[in-house]
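The next block holds one structure in the form of structure tokens; read it before the comments.
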2 protein chains.
Amino acid sequence: MTRDPVSPELNRGPEIRSEGLTYRSAGVDIAAADRLKRRLGERIRELFGGLPARSFGQFAGLYPLPGLPEKILAATVDGVGTKTRVAALLGKFDGLGRDLVHHCINDLATCGAQPLFMLDYYGTGRLNPEAAEAVIAGVAAACRDWDIALLGGETAEMPGIYVEGEFDLVGCLIGLVDQDSLITGAGIGPGDIILGLPSDGLHTNGYSLVRKVFGLDLAGATGTLNRHYPELGQTLGEALLRPHRCYLNEVRRVRRLVKGVAHITGGGIPGNVARVIPESATAVIRVSWEVPPIFRLIAATGRVSQAEMFRVFNMGVGLAFITDPDRAQALLRELPEAFPIGEVVPAEGDERVKLLHD
Amino acid sequence: MTRDPVSPELNRGPEIRSEGLTYRSAGVDIAAADRLKRRLGERIRELFGGLPARSFGQFAGLYPLPGLPEKILAATVDGVGTKTRVAALLGKFDGLGRDLVHHCINDLATCGAQPLFMLDYYGTGRLNPEAAEAVIAGVAAACRDWDIALLGGETAEMPGIYVEGEFDLVGCLIGLVDQDSLITGAGIGPGDIILGLPSDGLHTNGYSLVRKVFGLDLAGATGTLNRHYPELGQTLGEALLRPHRCYLNEVRRVRRLVKGVAHITGGGIPGNVARVIPESATAVIRVSWEVPPIFRLIAATGRVSQAEMFRVFNMGVGLAFITDPDRAQALLRELPEAFPIGEVVPAEGDERVKLLHD
């Protein structure tokens with residue numbers, strides 16, 4: 001293993017002139033991460049056979065309170081990815097905290113939990129106190145808005161670990177749900193309907209590919225971000241920094257109407273809807289909604305394939321509900337902005353999710 | 001803000017020939033971090049005036065369960081610092097998980113909490129699946145050993161954020177404590193005795209300074225780490241990778257005998273004992289114990305001042321108990337390896353902790 005500093009400028013090159021960009025060419029290997037996850041899953045299952053924790057909700061881990069098994073703690077940990085780098089290029093640090101908190105809230109909401117408290121971690125090579133204060137104050141403000149206590153945090157200065165000027169932002173959110181309010185995904189099967197709620201842009205996924213597509217690791221990146229795009233109605237930077245939307249209120253309103261909820265993050269619709277579909281079924285997603293302009297701009301600029309776009313980005317769907325047809329109608333009345341995106345059918349091979357494009 | 005990659009090799013230079021190394025010259029500015037913490041503390045207090053969370057324990061945040069205020073959740077988030085880099089140089093990744101879990105357990109133990117579940121975060125620039133698996137499997141094994149559920153985790157591949165070959169490891173640990181078992185630090189005052197428990201080496205603090213002292217960011221670092229030191233009775237690398245000691249069982253045995261507990265991490269004895277001493281008092285620490293050889297080797301090699309050594313390293317004391325003289329005697333009977341390190345006196349100026357060297 002070399003100890004040389006990374007030079008991101010060297011990573012960009014001929015791909016853009018050849019076959020279109022992929023997440024892997026941008027330095028993110030989802031397949032390798034999935035293999036790692038499977039191996040770790042096996043090792044962890046072996047170790048933890050007898051413990052009370054459950055994580056069938058998958059977007060959040062579940063832990064029945066000792067002595068009070070009907071009260072279940074839910075927990076999730078996540079980061080905001082390299083959206084940090086777009087924020088740093090524009091010197092706009094105050095929105096990242098909201099991104100982090102909303103991402104974590106949505107993960108917890110998938111199981112019906114009410115968020116209680118958060119802890120944050122800010123790691124960097126050399127502390128930039130102004131940036132750190134703006135970021136962490138943003139976490140605090142977003143927590144306050146959702147009645148979440150910011151219970152702890154750690155700021156770590158680690159020379160030689162982070163690239164100069166870069167940082168990582170991680171949050172851990174803990175919530176509580178009563179056993180009888182738990183959304184488990186149980187009972188999902190053929191005949192069920194899948195409904196989506198619109199996203200507000202990229203949320204917090206796919207930024208490494210975006211950086212590569214628009215050359216954001218090269219000189220002149222700030223100029224690129226400040227360019228106004230008529231099809232976006234705003235600058236590229238404004239579109240990319242739109243905050244991760246929070247779906248807590250929407251989930252609260254329809255929790256009695258749904259069997260399962262998927263938060264569309266890294267892995268896109270196929271990767272995340274798959275987490276709530278049983279092995280006996282396949283989710284067929286019909287891409288009949290209008291994919292928002294930011295995603296079309298990314299695909300065109302980087303000549304990114306449709307399959308890759310759907311694997312990396314949310315493509316306009318931030319949250320998916322799975323329920324039976326009757327309750328789907330009730331859900332659409334309750335949340336008029338929801339729209340059908342597909343249905344559950346008997347298993348078709350190994351694929352848990354199949355995308356059909358109009 | 002520059003976007004150039006950091007070159008740690010360039011950071012080392014004339015300081016070693018002049019006045020001795022400091023944590024600041026190694027790239028870690030504790031004073032700047034403290035200023036940031038104070039400013040954030042003010043902003044967060046303003047935001048959260050009305051919320052139920054408390055963090056007087058300080059090493060852990062406290063959150064009374066809604067509807068069950070006598071049951072208090074305790075939470076902490078922390079990392080293992082640049083001990084990751086020493087591990088990477090030696091290709092020994094399996095101990096870092098234990099470091100992380102023990103560090104977090106000790107933080108929770110200071111308030112008397114029983115750990116329940118953990119979430120981990122592994123961030124890197126380019127995923128090295130073997131290193132990641134070894135590290136995270138180490139987290140899982142340490143959790144299992146202490147009956148902690150590993151409830152969730154996130155592995156983030158973030159090109160351009162981390163230096164090539166480096167990673168960060170963060171853990172969040174949640175525990176539970178009954179109101180009447182809470183160790184709060186209440187009642188600490190003049191006349192109280194401070195007792196220490198031995199540390200097992202550096203635990204997880206001060207590694208950036210150690211890297212600078214021994215030139216571990218330079219070519220030949222592996223050779224340096226593999227050198228056998230007679231005064232250590234082992235190689236430098238073995239001494240540096242000794243796992244963070246876990247004090248959970250010791251705290252359980254004496255929790256009824258103590259008023260306050262301090263986990264000696266970043267900031268050393270002065271920085272951490274200060275967190276449990278009220279403003280009306282000063283802790284006087286008499287350094288009469290034998291400081292372990294690894295710390296004397298670091299001080300001599302880097303010509304690090306005594307004051308700086310005590311501000312950066314635990315100097316042989318991993319946990320401190322504060323209690324009244326009667327119960328101190330009982331504690332010493334219960335934990336024969338504990339030893340007196342000081343006493344609490346009426347406040348002497350603004351210093352919460354004063355070090356006296358024999």
Chains A and B: how much accessible area gets covered up at their contact, both sides added, probe 1.4 Å, in Å² to the nearest hundred? 7500 Å²
On a full-extension model of 0.36 nm per residue, what is the gain between residue B:296 and residue B:24, subtracting their alpha-carbon distance, rounded to one decimal in nm? 96.0 nm
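For a test of understanding, tell me how many lysine pairs in chain B have Cα atoms under 21 Å apart, given they are 8 or more places apart or on different chains.
Numbers: B:71/B:259; B:83/B:92; B:83/B:212; B:92/B:212; B:259/B:354.
Eligible lysine pairs with Cα atoms under 21 Å apart amount to 5.
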Please report, for residue A:215, the nm distances (one decimal) from its label point, 7 Å out from Cα along the beta-carbon direction, to the equivalent points in the remaining copies, shortest first. 4.2
Could you sort the residues of segment A:165-189 by number and keep only those whose accessible area is reduced by 20 Å² or more in the all-protein-chain setting relative to the chain alone, 1.4 Å probe? A:165, A:166, A:168, A:170, A:172, A:174, A:176
Computed over segment A:244-358, protein heavy atoms only, probe 1.4 angstrom, the accessible area per residue in square angstrom equals 41 Å²
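Do you know the relative contact order of chain B, to the nearest whole percent, from alpha carbon pairs under 8 angstrom that are 6+ apart? It would help to have the intermediate numbers written out before the result.
Values: 722 pairs, mean separation 77.7, N = 358.
Here the relative contact order equals 22 percent.
Per residue, how much accessible surface does segment B:58-182 expose to a 1.4 Å probe? Answer in Å², no decimals. Could you put the intermediate results ahead of the total?
Values: 2820 Å² over 125 residues.
On a per-residue basis, 23 Å².
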Label 7 Å along Cα→Cβ of residue A:226; segment A:78-93 residues with amide nitrogen under 19 Å? A:85-93
For segment A:194-210 versus segment B:138-158, the gap between their alpha-carbon centres in whole angstrom: 28 Å
Mean-square fluctuation maximum in Gaussian network of chain A, Cα pairs under 10 Å, restricted to A:95, A:112, A:20, hits A:20
Quick one: pull the percent of accessible area on the protein assembly as shown belonging to carbon and sulfur, 1.4 Å probe, ligands and nucleic acids left out. 49 percent
Centre separation in Å (Cα based) which lies between segment B:314-358 and segment A:219-285: 53 Å
If we sort B:247-253, B:64-70, A:105-111 on the protection proxy, mean other Cβ atoms within 10 Å, highest first, what's the order? A:105-111, B:247-253, B:64-70
Quick one: 3J(HN,Hα) in Hz for segment B:31-46, Karplus 6.51/-1.76/1.60 with θ = phi - 60°, rounded, Gly and Pro as x. 5, 5, 5, 5, 4, 4, 4, 5, 5, 5, x, 4, 5, 6, 4, 4
Buried on assembly, segment A:66-103 (at least 30 Å² less accessible surface than by itself, 1.4 Å probe): A:66, A:68, A:73, A:75, A:77, A:78, A:82, A:85
Ordered by number, the residues of segment A:141-160 that have at least 30 Å² less accessible area in the complete protein assembly than on their own chain alone (1.4 Å probe) are A:144, A:149, A:150, A:151, A:154, A:157, A:158, A:159, A:160
To the nearest 10 Å², what's residue A:357's accessible area with a 1.4 Å probe? 70 Å²
In nanometres, what is the gap between the two model label sites at residue A:253 and residue A:218, each 7 Å from Cα along Cα-to-Cβ? 4.5 nm
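Is there a quick way to get the dipole size of chain B? I mean about its Cα centre, with the Cβ of Lys and Arg at +1 and of Asp and Glu at -1; what is the value in debye to the nearest 20? Before the final figure, lay out the partial values.
Numbers: 37 positive and 43 negative charges, 69 e Å.
Here chain B has a charge dipole of around 340 debye.
Relative contact order (percent) for segment A:58-182, with alpha-carbon contacts under 8 angstrom and 6 or more residues of separation?
Values: 255 pairs, mean separation 49.3, N = 125.
This gives 39 percent for segment A:58-182.
Tell me, what is the FRET efficiency for residue B:305 and residue A:303 to the nearest 0.05, using R0 = 51 angstrom and their Cβ-Cβ distance as r? It would help to have the intermediate numbers written out before the result.
Working: r = 59 Å, r/R0 = 1.15.
The computed FRET efficiency comes out at 0.30.
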Want the number for residue B:46 to residue B:234: 0.36 nm per residue separation, take away the alpha-carbon distance, what's left? 62.6 nm
Value of [θ]222 nm, deg cm²/dmol, for the protein assembly as shown, DSSP H segments ≥ 4, -39500 (n - 2.57) each, nearest 500: -9000 deg cm²/dmol
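The values are calculated or read from the model by the stated rules, or taken from the named source; none is laboratory data. It should be emphasised that the depicted structure is a prediction, and the values quoted were computed from it without experimental measurement. All Cβ positions, even for glycine, are placed from backbone atoms using ideal geometry, and neighbour counts span all protein chains on display. What goes into the accessible areas is simple: the full protein's heavy atoms, side chains included, and nothing from ligands, DNA or RNA. Shrake-Rupley method; radii C 1.70, N 1.55, O 1.52, S 1.80 Å.
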